[in-house]
There are 2 protein chains.
Amino acid sequence: MAIEGSLDVNGDRVAKSLDGLITLVKDDLEQVNRTIVDHMHSPIALIPQLAGHIIAAGGKRLRPVLTLASAKLVGYEGDRHVKLAAVIELLHTATLLHDDVVDESELRRGRASANALFGNQPSVLVGDFLFSRSFELMVEDGSLAVLAILSRASAVIAEGEVLQLITANDTETTVESYLQVICSKTAALFAAACRIGAVVADRPKVEEDALAAYGLSLGIAFQLIDDALDYSAREAELGKTVGDDFREGKITLPVIHAFHAGDEEEKAFWRRCLEKLEQEDGDLERATALLAKHGSVTATIQHARQYGEEARSALSIFPDCPARQAMLDVIDFCIERAY
Amino acid sequence: MAIEGSLDVNGDRVAKSLDGLITLVKDDLEQVNRTIVDHMHSPIALIPQLAGHIIAAGGKRLRPVLTLASAKLVGYEGDRHVKLAAVIELLHTATLLHDDVVDESELRRGRASANALFGNQPSVLVGDFLFSRSFELMVEDGSLAVLAILSRASAVIAEGEVLQLITANDTETTVESYLQVICSKTAALFAAACRIGAVVADRPKVEEDALAAYGLSLGIAFQLIDDALDYSAREAELGKTVGDDFREGKITLPVIHAFHAGDEEEKAFWRRCLEKLEQEDGDLERATALLAKHGSVTATIQHARQYGEEARSALSIFPDCPARQAMLDVIDFCIERAY
């Protein structure tokens, strides 16, 4: 079955590796999308307009799909996973709205970002609204365990975003700090999304933890590739502006790698561009050339592969089944979209 | 007993009317303050720095005090009200941080606002962090009823803020729209803060509703006076910049009143200043003079008095006791701070 429309896949082989997951949860995912649309409703028309702009733009719905697949993997037969998958996407959307304000991004999912189109003010407030709505939905579901997981994840995401802000423009940022940022801002929600699949099914702690470990490693791999793509992808395929991280002075693994491998003159170049943000025409091209010279994008992808292996191994406690296979394939999808 | 330090009271008579409430809950309030400080902690140092800046600035702690007083009024003897009062203040602080970003405010509680001092980006993210933390604290408390009340209140607050943004710069805004804004952005949290006092004590619905009705009317009265003070207070006493609403083109009741009472030339003045935001030296003084000419501040205070009476009458189902008296006195405090 072919994947249609908005999925930002780059070719057949890659498409196929996400295909299994989407096919697996197709009916549930349609319900999730309906639940999301229902819950972004408000009598204040600007709210569904702005929220609808970002939600309708699509995206892969990777996080809610992981909740649905995790529930399927552990044999869950109820319907709570649909509502909770919608909660995950609403939370994610709220953080995207605030991220784009913080980063002053102009593109999101290949369209004008909400802040570029509607302004920063409603983007902040509609983010708050979606955040609150996601908690209202959790309360409807009625599980304190789920509320604990997602209120914790939300706090960790905010901490990661603040840490990212602090390490921005600091070329001395360590690999460890960088990993802490991406664990918090990205992987924590992947982990929570997967863990909830086991929680709704009331499965033993060991399965809950295995799914969370899978989600965490997958999320790290996903973000590593995202950061590699920021220096290597073609804009139309990525749905975002290439070089955003460079222009903002964000310190990601490709840069950390190239900085440490570089000579004094190269280090001075990175400091001028990323610390002082004194950038000229041709600097992004030079940055890309330096990454190529030192194999920094390749090294980042290699790092992602290692986390991919950890994600793979976390699923080894589950018996082979279509859900497990699809969740293994998604690891390849996350990494191979770099090519 | 005298009130010390940071309370922004204007004279003995007024101070006395809040004094009863503070004395009543003094020990609990100290615990609330400790709980707040504990829960804004994070290994990311910027988070407690920024959160501490706004929280240490004080403010009246009116909302958590209302939770404590409401619990006392219905005879609650446990300790859950302390944690939940801290939740209320953390939620309130999160909305203040986002408000100040949205409004581009430079002053808050008489000090530089967090956004002015630390920038918009960390203010948005630390707001998100405090929001998440407040939900983590609610989960620790373990009551789905409380989570339902406060997730709903948060969504309503965000709706109110968006509606305020939409009605800004629109001199045709109706009194009804204005009341919807202040009910949502301000009074909803007052109502929730009071309702929770009855919920923790497991009191009958009629008492819960009476406390919520008291909080709602008190919150409306409080915001009406706040909007009146924006045109009439002395800056040092208010702890914020007088004329902020005017400069931002916010449409509040004093303006709606003066606009409707004004002739065509006056209406043109308001449109130029508040819709087109074409403001010149002397415009704020002219606005204040027009409000005086039409008695618009007085009319706003009169409106607040009516809501004060509703708040008073909501408490009539409770027997006379020190808690009830203190909660009646706080109505006068909220209104009389206008003088």
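Computed from the coordinates by the stated procedures, all read-outs in this text should not be read as laboratory data. Fair warning: this is a prediction, and the values are worked out from it, not measured in the lab. Counting neighbours? That spans all protein chains shown, and the Cβs are built from the backbone with ideal geometry, glycine included.
Observations on the model:
- Averaging the sequence gap over all C-alpha pairs within less than 8 Å and six or more residues apart, then dividing by the number of residues, gives chain A a relative contact order of 21 percent.
- Mean-position separation - Cα centroids, region B:58-78 and region A:84-119, in angstrom: 37 Å
- Region A:282-339 and region A:138-163 have Cα centres separated by 27 Å.
- Prolate/oblate/rounded call for region B:94-187, Cα gyration tensor, a/c under 1.5 rounded: oblate
- Calculated [θ] (222 nm, deg cm²/dmol) that DSSP helices of n ≥ 4 give over chain A, each run adding -39,500 (n - 2.57): -23000 deg cm²/dmol
- Set A:205/B:83; A:185/B:60; B:72/B:185; A:26/A:83; A:250/A:293; B:26/B:83 screened for pairs whose C-alpha atoms are more than 23 Å apart: A:205/B:83; A:185/B:60; B:72/B:185
- At 7 Å out from Cα toward Cβ: residue B:23 inter-copy label distances (nm, ascending): 7.6
- FRET efficiency, 1/(1 + (r/R0)^6) with R0 60 Å, evaluated for residue B:145 and residue B:293 via beta carbons: 0.75
- Cα Rg, Dmax, the protein assembly as shown, angstrom units: 26.6, 81
- Relative contact order for region A:183-339, counting Cα pairs under 8 Å that sit 6 or more residues apart, in percent: 29 percent
- Residues of type aspartates and glutamates that residue A:276 reaches as a straight line, Cα spacing below 19 Å, ignoring anything fewer than 8 places off in the same chain: A:103, A:104, A:170, A:172, A:244, A:245, A:248, A:263, A:264, A:265, A:266, A:285
- On Cα atoms only, tilt of B:26-39 relative to the major axis of chain B in degrees: 80 degrees
- Inter-label distance, nm, simple model (7 Å from Cα along the C-beta direction), residue A:305/residue A:79: 4.5 nm
- 0 to 90° range, to nearest 10: angle between helix A:62-73 axis and chain A longest Cα axis: 40 degrees
- Counting neighbouring Cβ atoms within 10 Å and putting the fewest first, the residues B:61, A:203 line up as A:203, B:61.
- Pairwise Cα inverse-distance average, inverted: Kirkwood Rh of chain B (Å): 20.4 Å
- Other copies of residue B:206: label-to-label distances in nm, shortest first, labels 7 Å along the beta-carbon direction: 5.7
- Cut-off 20 Å, label 7 Å out along Cα→Cβ of residue A:26, residues of region A:40-70 by amide N: A:58-70
- Between residue A:108 and A:113, the built amide H atoms are under 5 Å apart, and every one of these is 5 or more places off in sequence or on another chain.
- Other-copy label distances relative to residue A:142, 7 angstrom Cα-Cβ extension, nm: 1.8
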